[in-house]
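Report on the following structure.
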Amino acid sequence: MNAGEGAEQSEHAAENPPVRRLSAWDGDELRDLAAAYETPLYVMDLGRVRENCQRLRAAFPDADVRYAAKAHTGRAVLEAVREAGLGIECASAGEVERAFAAGAAGKEVQYTAVNPPDRDLDVVVDRWLSEPELTVTVGARDTVDRLRERGFDGRLCVRVNPGVGAGHHEKVTTGGHAKFGVPSSEAEAVVRDARDDFDVVGIHAHAGSGISGDDLSTHREVVRRMGDLARDVAAHVDLEFVDVGGGFGVPYREEEPPLDLSAVAEATREALGEVDAQLAVEPGRYVVADAGVVLTTVNTVKASGEYETVVGIDAGMTTLLRPAMYDAYHAIRNLSAGDDRSAIPVTVAGPICETSDVLCEHRPLAAPTRGDVLAVGNAGAYGYEMASTYNSRPRPAEVVLDPEPRLTRRRESLAALTELEQ
Ligand code: LLP
């Protein structure tokens, strides 16, 4: 690299930093969006989604980078991700259908079947008849048999339980859990048995979700095992790819450093070793987490001498489930407070009648008053996607910035809550 290239690269890093913190969002713009579209409101910045895709592709230049759609399946996001050159990894027939609706070609779509209901297999096999290049990843011998029964003889990938796992919480640690993948001791036999009836194109493993730099040794071990397996099965099939999963973590806490993506890429290559197949990775969170925020309005401030001040907001665990489900930390910023308001420790709680409906406790926040608009960071991944209508609370609206704001999901209406009833 000459000096000119170095300067160009650091300039590029400044334009496309490895993390976008909540403080970097334009507070005035967010407040205007809250006023125009009301709250709770998801805001997704497609420009940031594209930047994240570019950084991934730059770190893994020879790999097939696939977006794990489960993190955010909105059409605008899927389209942006596809245009940035990523494939789409789908966890259900519904996600497969949405990938095609967003314009994906068959070759770009991987369906990872996890204990797939019959209905999912029927839909995917039907879709395969017109899109013969889509790939189905199986995690059990049963699934292979059920595909055979349906006449599927297309592109097959075998998911292996790598025996070790990692993740930000035990509930998202996948590798090593019996639920996912065929046991590694059986993987070679499953590949051998499948090769006559299917086009076995890949092997796959996923360690877990939210891997940090500290988990690199686990990641390395998973990849090393996959490299060994790829060399073992080379005697039976010509593999096209070795998919080592996703799970690249993002810094949810303000002081947490971003993942060193090039270190992850280097560790991956080194651990994989020489294989006659392309490396594939399938991050979800990394692509969309810091591209999204939730905007919410303070509706109640309950100060009490005995307890910490409780700040009641109009977004709850039905809007953003992660804190209730995984005790996840999400940064919060008071967009309405100027420098004149000093921070006080608060509990921020939603409107759901559940003790777990608390976004944070003991958090210093510029003293909120009724009507303030708060922004909750890193909500782009597994945010809207895990929203529900519990407590008969309609799901929020969503706006994308492209760069102009555009309403991509209307706020659910009260009437919609009973639409399915008969
Ligand atoms: N590939 C497979 C096979 C997966 O199961 C997952 C995530 C991914 C890729 C993408 O993982 P990511 O890069 O997004 O970490 N709701 C949880 C996360 C559950 C992830 C499940 N599988 C959360 O909010 O943290």
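Annotations
- Across the stretch 290-418, Cα pairs under 8 Å and at least six residues apart give a relative contact order of 30 percent.
- Computed over Cα pairs, the Kirkwood radius of the chain leads via Stokes-Einstein (1.002 mPa s, 20 °C) to a diffusion coefficient of 95 µm² per second.
- 11 Å beta-carbon shell around residue 213, net charge (K/R +1, D/E -1): -4
- The charge dipole of the stretch 13-91, taken about its Cα centre with unit charges on the Cβ of Lys, Arg, Asp and Glu (plus for the first two, minus for the last two), comes to roughly 280 debye.
- Assuming charge only on the beta carbon of Lys and Arg (+1) and of Asp and Glu (-1), the dipole of the stretch 113-283 about its Cα centre is about 320 debye to the nearest 20.
- Highest GNM mean-square fluctuation among 326, 42, 252, for the chain modelled with Cα contacts below 10 Å: 326.
- The stretch 290-422 - percent of accessible surface contributed by carbon and sulfur, probe 1.4 Å: 49 percent
- Measuring only protein heavy atoms, the 1.4 Å probe finds residue 145 accessible over about 70 Å².
- Space enclosed by the convex hull of the alpha-carbon atoms of the stretch 238-320, per residue, Å³: 149 Å³
- Multiplying each eigenvalue of the alpha-carbon gyration tensor of the stretch 11-157 by 5 and taking the square root yields semi-axes of 35, 19, 12 Å, largest first, rounded to whole angstroms.
- Accessible surface, per residue, of the chain when the full set of protein chains is kept, probe 1.4 Å, Å²: 45 Å²
- The per residue volume of the convex hull around the alpha-carbon atoms of the stretch 290-418 is 119 Å³.
- With a cut-off of 12 Å between beta carbons, the residues surrounding residue 371 carry a summed charge of 0, where Lys and Arg count +1 and Asp and Glu -1.
- Since only 39, 129, 93 are under comparison, the one whose Cα sits farthest along the positive direction of the charge dipole of the stretch 1-142, derived from C-beta charges on Lys, Arg, Asp and Glu, is 93.
- Sites residue 171 and residue 256, calculated FRET efficiency, Cβ-Cβ separation with R0 22 Å, nearest 0.05: 0.65
- Rounded to 5, percent antiparallel among DSSP beta bridges of the stretch 113-283: 5 percent
- Largest first and in whole Å, the equivalent-ellipsoid semi-axes of the stretch 113-283 read 29, 18, 14, each the square root of five times a Cα gyration tensor eigenvalue.
- Only helical runs count toward this figure. For the chain, summing -39,500 (n - 2.57) over DSSP H runs of n ≥ 4 and dividing by all residues gives -9000 deg cm²/dmol at 222 nm.
- Within-11-Å neighbourhood charge of residue 246 [Cβ basis; K, R +1; D, E -1]: 0
- All C-alpha pair distances within the stretch 203-341, sorted into 5 Å bins from zero, spread as 2, 8, 14, 16, 13, 11, 9, 8, 7, 5, 3, 3, 1, 1, 0 percent across the bins.
- Across the stretch 113-283, C-alpha contacts under 8 Å between residues 6 or more apart give a mean separation that, scaled by the residue count, equals a relative contact order of 20 percent.
- Between the residues 216, 230, 303, the greatest Cα displacement towards the positive end of the dipole of the stretch 198-309, with unit charges on the Cβ of Lys, Arg, Asp and Glu, is found for 303.
- Percent antiparallel among DSSP beta bridges (both partners in the chain, rounded to 5): 40 percent
- The Cα atoms of the stretch 344-383 give a gyration tensor whose axes a ≥ b ≥ c have a/c of 1.5 or more with a/b no greater than b/c, which makes the shape oblate.
- Here the contact order of the chain, divided by its residue count and restricted to Cα pairs under 8 Å and six or more residues apart, works out to 18 percent.
- Charge dipole (debye, nearest 20) of the chain; +1 at Cβ of Lys and Arg, -1 at Cβ of Asp and Glu: 780 debye
- Probe 1.4 Å - accessible area at residue 344, Å² to nearest ten: 60 Å²
- Listed by chain and number, the lysines placed with their C-alpha closer than 24 angstrom to that of residue 107 are 70; residues fewer than eight positions away on the same chain are left out.
- In summary, the lysines within cross-link reach of residue 179, defined as a Cα separation below 17 angstrom excluding same-chain residues under 8 places away, comprise 171.
The values are calculated or read from the model by the stated rules, or taken from the named source; none is laboratory data. Since the model is a prediction, treat every value here as computed from it, not as a measurement. With ideal geometry, Cβ positions are generated from the backbone for all residues, glycine too; neighbour counts draw on all protein chains shown. For the accessible areas, the whole protein counts, side chains as well, though only heavy atoms, and no ligand, DNA or RNA atoms are used. Shrake-Rupley method; radii C 1.70, N 1.55, O 1.52, S 1.80 Å.
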